[in-house]
Amino acid sequence: MEQRSKIRIKLNDPVLITALKRDGAIFIARFVDLSSESMRIKLDVDLEVGSLLRLELGDDLMMTEVSHCEPDAGEFRAGLFILSCLQKSELNRLRREAVAGPA
């Protein structure tokens, strides 16, 4: 039996997803659980393994890659590998610096 060494936090929060490969298609999903490296979500759309997604939850932005997606009780359950995480305030700071240069 495989034992996970990472702690997984159970969630049921909504998340806004932009599928970068589907011409910026936007979906609403909900978290199932989250660890430091990956997460599981449930949504109404079948996601292609390997596709890149941008997730927005509150002030956080995450870039993820779909590791698996399978049908689950009329929905789809997807596993996502977290590639990067950034707060929107940090993104805004980086945008300002790109235009005006570092402060």
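The values are calculated or read from the model by the stated rules, or taken from the named source; none is laboratory data. It should be emphasised that the depicted structure is a prediction, and the values quoted were computed from it without experimental measurement. When we count neighbours, we look across all protein chains shown, and the Cβ atoms used for this are built from the backbone with ideal geometry, even at glycine. Ligands, DNA and RNA are excluded from the accessible area calculation, which covers all protein heavy atoms including side chains. Shrake-Rupley method; radii C 1.70, N 1.55, O 1.52, S 1.80 Å.
Here are the numbers for the structure shown:
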| quantity | calculated |
| --- | --- |
| Extreme residue, surrounded by the most Cβ atoms within 10 Å (Cβ to Cβ), among residues of the range 33-43 that are within 13 Å of His68 (Cβ to Cβ) and hydrophobic (A, V, I, L, M, F, W, C) | Ile41 |
| Flag for Leu53 being surrounded by 12 or more Cβ atoms within 10 Å (Cβ to Cβ), touching an Asp or Glu at 6+ places or on another chain (Cβ under 8 Å) and of a type in the set (A, V, I, L, M) | yes |
| Meets criteria (open to solvent by 60 Å² or more (accessible area, probe 1.4 Å), in a loop (DSSP other than H, G, I, E, B) and not polar (S, T, N, Q)) for Glu65 | no |
| Single unsatisfied condition, Ser84 versus (1) assigned to a strand (DSSP E or B); (2) touching a residue at least 24 places away in the same chain (Cβ under 8 Å); (3) polar (S, T, N, Q) | (2) |
